[in-house]
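Every number in this text was worked out from the coordinates using simple rules, so none of it is lab data. Computed from a prediction, not measured in an experiment: that's the story for all the values here. When we count neighbours, we look across all protein chains shown, and the Cβ atoms used for this are built from the backbone with ideal geometry, even at glycine.
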């Protein structure tokens, strides 16, 4: 039975939830396929996450391996293939709680970087799981700066082998997933030396464990890096190489080859490597970042209409906490952001697909723009969604802090996305470098890529809004965002020029501008996200109430961004103080409007109870009952030796006198 | 041997570290006592936290109980007493990793709320650990709104007993520490009923477990609430009461009493209860909030001078990451905030002591101001420090995400401080209510408490700064903060009045202003923190370089606040855009200045390696070696059954063909 406080929220939806779900999925057929995958996975007890919050790191790892092995069987049974329409839903249905994710990266890196011969040899072995692969790039002492990697691979002409070594502790491979306990092979990135000369970083296939008994191969030291804030199910590992010899054929050689006599041959452009990173950054946005925020919104919003606390009016019963303006102000902007980023993800995917087609035709013109957009949005979206999940957690008070709410594990996992696949500050500075270049080019009258043409078309002037309703016009707020992005980019470009002209060295000048460069890169992405949301709303069908509610969310996303960052808009007087008060008024009005549809808006994400795995967020809203039931299953309710060992002697010393 | 990259940072300190440590401790004698306590605790293997990051929740609980019991013996051995000068350092030296913390709250609540007779009976039993106490206020369905608690205590005149019941699941006590597995007694807050009439919430002493065999008493259901984001060592519990009878004498009756015939007698003022909460809120700031931020700063800043990544100039070696402006911008404002809040904590403690003396003399005039300040600062400091710890964690990249860095556990623990002892938004609204009242009173010419007299003395005008150096004048920035606090309070008061005058009901009008009321309360606290820091610097001795470096930190704290919230200062034109550019310039300059002393400034916090328990933050800076050593001890490096069960069958299916 559904909690009546939750049921009543669903009776007044202003739109068709099922149509919104289909819109998010990309069509009703996609919804059908997704639901079938979810049903198949969730009905299989091997994939259960029921006891997840009670398990140790070792138990989580074992379960993830079991699931990964079972998944092969399941896919065969169900007729699912790696490239079939179901595949994109499998990982989501498992909530990522499965091993061998790096095995896929191993496969991808061989496909992208390997020669045809290497692909023919290794890919079948990998796809049939005759080996388990990993990907060893990061070292203890090196993450973002790839040129600084210290592992060496020296070519020995006599034996036609590469000799791999970890020359010092900071060169130890550290973090690779699946490597701590599972992998038999890995792709190792190392500095290539031939006849004493260094040729830079190259990838090598190295076997690390025996296929007979899984013991470590000669010269290999490897293990698990220990406990982390999340990812207990993954055996992130370390790897030390001591005179490990591999055949010449094990250097991945699509683009670079070492001939038997030691001649080094490079083929094809180096910048294509960017594109691999671009792919990874884009692919993580949906599964690793948007889904957790959508789940957190679902949990926190459902809980906030079931939880009653304190009174709005003395004579009434205690109010649903979502009726408090402060609670709306916490949760509803996160909901709006989830939709905004869903749509920008669609936009980026389409751009990426276009870029990919061009690259197939050997046209690499789009690479810089794709790199800048994927870097900037990876940073902005992971940052925003991580903050959003934390807000959802805190908005649920004490119960949000219990692991049983599901929110802590969403938070501790999404937090990692700000760090992996490019630390966010580094990525934003790459976007900024692109913006500065384009800003210079534009002001010199040279052509720039489409997403930054606005930098050239600088318009001065003031925000035209005359009353608070004007701020519900997408033209008005999109223009304001554009103005800020242009101002921050051009003023930082000017500062950089001034510093250089005043004699500061180029690198110092750049460093002295980086705080402001990061602001400019964020403003650029924020502008594009707002513009894209507004354009998406424009194109939606006007029936079924969907366009209307999406328009409200778009307005909220835009006005929340202004309200949270008023200084950027007030700075040069583009927006006046009186206009800022209008923004505030419209923003607060919108909260009350969207609050009415808040539950249907999260229901449309269509998460099952099993996928939420939350005592607070289930579809029926029976929060207190579920918290109590789940708590009783906790291992902390088993008999503890602490009583006999410590408490009894303490209390019994003087028991007779009580 | 100290890592040379860390050693070099210590050679150029602009001040005497030892003198700064003494200043923080409140004198050299305090430093001596603190160090003696730390030495005694850390040299005792029972108190070791060496394997903490590898332990399960059950293991953590058992260790915490063992430590709590052992601590009694230790205190006796060392001659430490509950009220001795050492006591305030014991908890810090244990890093809070000990059981029976709620036992102290049990004792305190009896001391404050119990009659002399009750104190005489229960306090000796508790202090000699003839029982273990807990404190059961929060329920599954009720946290912040005490009047809504649903547990009932019905007086039975016939037997002279109270009958306690949990009428429904939302009334179950939930969260009390030490109650899940340890406590024998607890103070239960329940609605008192006499002859069918409800007299509101009162506290009752209830025995929940047998002193013989620790089994649950008749009518009691209790257990552990399961896994949480942190506090694994604490057995937060649940409690269900079914017709539990306790003698009339077990209602704590300093202020309220039920006579044998059922007559209800209230003595003394009710608002004194506020004062107990004020005490708890203030006492948690130092141990639970400031210490973690100081530890996080120590870890992140030491790591940032040892970690080298990428190059500032192409020809040089890789740079220390603290030399990047973006890294300084992350960490140094957190360091400045740690100092700012240390000093405001001193200010609040002093104010509290003064208030306490007045209350002893039955003068309750200071209560509203103390309540407003303790609520506001609890919220602002916990929020700021929690965000600060997260920034430190993320600033350490992947290594910060490993539990071995110590940062994840600091974060997941400090996060709870935003929720417990008053959820922050609720607390800020209480401060705001006080501000609005005082604002009204001041504008009506009535006297207001000292901390808010500035609300009456509204000064219009503009910020007088003419160049970036003017923003290093405390008068200039303190005035700016004051201006913003006045503006936000008075404009929200005006909005509230307008709404009410336009016919909106008072409670609705309040709710519609809460987002802005929260802003006003934060601005008030921020202003007082800046003003207090500036005044503290003014009073410091001018020798040993301490005043100079504290002045830099005060400037940074103030300017970072303006830089992060420019809109508030620009809004009404008090600060112009040109002046804001000066703020930015001065702020960025300060980062480079303070960076030079960053390591000595964290060294002065004087944390031992054992208390930091961090592979990244140790005094010698041997980061990579320690990460590797610690990881090898992880239980995830023991033999896993996953290989035999899942991996071997998978790989061996086709082993012969490889």
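For peptide A:563-576, the mean count of partner chain Cβ atoms within 10 Å of a residue's Cβ comes to 4. Maximal additional length on extending the residue B:360-residue B:264 stretch stands at 32.0 nm, based on 0.36 nm per residue less the C-alpha distance.
Counting pairs of alpha carbon atoms under 8 Å apart in space and at least six apart in sequence, what relative contact order in percent does region B:274-628 give? Please list the in-between numbers first.
Working: 445 pairs, mean separation 90.0, N = 355.
Result for region B:274-628 is 25 percent.
Compute the separation of the alpha-carbon centres of region A:569-597 and region A:408-438 and state it in Å as a whole number. One Cα centre to the other: 29 Å. Relative protection proxy for B:352-361, B:65-74, A:258-267, from highest mean packing down: B:65-74, B:352-361, A:258-267 (other beta-carbon atoms within 10 angstrom).
Arranged from highest to lowest average of other beta-carbon atoms within 10 Å per residue, in what order do the peptides B:589-602, A:226-239, B:230-243 appear? Write out the running numbers ahead of the final one.
Values: B:589-602: 20.9, A:226-239: 24.4, B:230-243: 22.7.
Packing proxy ranking, top to bottom: A:226-239, B:230-243, B:589-602.
Per DSSP helix of 4 or more residues, -39500 (n - 2.57); summed, then divided by the residues of chain B. What does that give at 222 nm, rounded to the nearest 500?
Values: 23 runs with 341 residues, N = 658.
Taken over chain B, the calculation gives -17000 deg cm²/dmol.
Value of Rg to Rh for the protein assembly as shown, rounded to two decimals, is 0.95; Kirkwood radius and Rg both from alpha-carbon coordinates.
Between residue A:629 and residue A:128, the FRET efficiency estimated from the beta carbon spacing at R0 = 60 angstrom works out to 0.90.
Relative contact order (percent) for region A:346-421, with alpha-carbon contacts under 8 angstrom and 6 or more residues of separation?
Working: 40 pairs, mean separation 17.9, N = 76.
Here the relative contact order equals 24 percent.
Per residue of peptide B:641-649, the mean number of Cβ atoms on other chains within 10 Å of the residue Cβ is 6.
In nanometres and ascending order, the distances from the residue B:88 label point to those of the other copies are 6.0 (point 7 Å from Cα along Cα→Cβ). Extension gain, residue B:117 to residue B:313: 0.36 nm times the residue separation minus the Cα-Cα distance gives 63.0 nm. Judged by the gyration tensor of its Cα atoms, with axes a ≥ b ≥ c, region A:378-511 is oblate; a/c meets the 1.5 cut and b/c is at least as large as a/b.
By the count of neighbouring beta-carbon atoms within 10 Å, fewest first, A:535, B:29 end up ordered B:29, A:535. Spatially, region B:301-343 and region A:152-229 are offset by 31 Å when compared through their Cα centroids. Each other copy places its own label point for residue A:356 at 6.7 nm from this one, sorted shortest first, where the point lies 7 Å along the Cα-to-beta carbon line.
Output the direction-averaged projected area (hull surface divided by four) of the convex hull of the alpha-carbon atoms of region B:228-332, in nm². Write down the numbers at each step before the final one.
Numbers: hull surface 49.0 nm².
With every direction weighted equally, the projected area is 12.2 nm².
I need the shape label for region B:132-267. Rule: rounded when a/c is under 1.5, else prolate if a/b > b/c, else oblate, with a, b, c from the alpha carbon gyration tensor. Since a/c reaches 1.5 and a/b is larger than b/c, the shape of region B:132-267 is classed as prolate.
Across identical copies of the chain, residue A:123 has label-point separations of 8.0 nm, listed in ascending order, with the point defined 7 angstrom from Cα along Cα→Cβ. With R₀ fixed at 25 Å, the C-beta to C-beta distance from residue B:542 to residue B:30 puts the FRET efficiency at about 0.65.
In this simple spin-label approximation, residue A:7 and residue A:645 carry label points 7 Å from Cα along the Cα→Cβ vector, and these lie 5.0 nm apart. The ranking of A:61, A:145 from fewest to most other beta carbons within 10 Å of each one's beta carbon is A:145, A:61.
Look at the alpha carbon pairs under 8 Å that are at least 6 residues apart: their mean separation over the length of region B:132-267 gives a relative contact order of 27 percent.
Other protein chain C-beta atoms within 10 Å of residue C-beta, averaged over A:398-411: 5.
For a paramagnetic label modelled at 7 Å from the Cα of residue A:51 toward its Cβ, which residues of region A:65-79 fall within the zone defined by backbone nitrogen distances under 16 Å? Within reach of a label on residue A:51: A:65-67. Ranked by the mean number of other Cβ atoms within 10 Å of their residues, highest first, the peptides A:610-621, B:296-307, B:539-550 fall in the order B:296-307, A:610-621, B:539-550. Projected onto its three principal axes, the C-alpha set of chain A covers 90, 87, 59 Å, listed from the longest axis down.
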